[in-house]
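Peer 1: Take a look at this one; I'll ask things after.
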Amino acid sequence: ALALPEPLLLPGPQAEALLRVAQEALTNAARHAGARNVALAISVSAGTLSLSARDDGKGGAGFVPGNGLRGMEERLEALGGTLVVSPEGGPGLCLEARIPLPAEGTA
């Protein structure tokens, strides 16, 4: 049997920020990058929740951030988080959103 991790309950602002980042990453991959595949992953480490999105679209050296990425960055920074966008050497783009988790018992 597959053991599932315990559900992680986030306060509304953090949960909404992650939802919006995931939506924007998927929209950008389909609309602007022409990606065929996007991998989303969520991880928790040292009190920080990370959401990463990697696509196989055009990305690369000619990548110029648009308003959607700036909006994601502002939303995350308002929660003490960060956004790292890494154009791959060839096709593709990887972004990683990080937000601090609330202290135990404050969610």
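Peer 1: Within the set of other residues whose C-beta is less than 14 Å from the C-beta of G12, count the net charge using Lys and Arg as +1 and Asp and Glu as -1.
Peer 2: The answer is +1.
Peer 1: Report the label-to-label distance for R36 and E16 in nanometres (one decimal), using points 7 Å from each Cα along the Cα→Cβ vector.
Peer 2: Computed distance between label sites R36 and E16 equals 3.8 nm.
Peer 1: Take E24, E6 and sort them by solvent-accessible surface of the protein heavy atoms, 1.4 Å probe, largest at the top.
Peer 2: Sorted descending by solvent-accessible area, the residues read E6, E24.
The values are calculated or read from the model by the stated rules, or taken from the named source; none is laboratory data. Here the structure is a predicted model, which means the values were calculated and not measured. Cβ: placed from backbone, ideal geometry, glycine included. Neighbour counts: every protein chain shown. Only protein heavy atoms, including side chains, enter the accessible area calculation; ligands, DNA and RNA are left aside. Shrake-Rupley method; radii C 1.70, N 1.55, O 1.52, S 1.80 Å.
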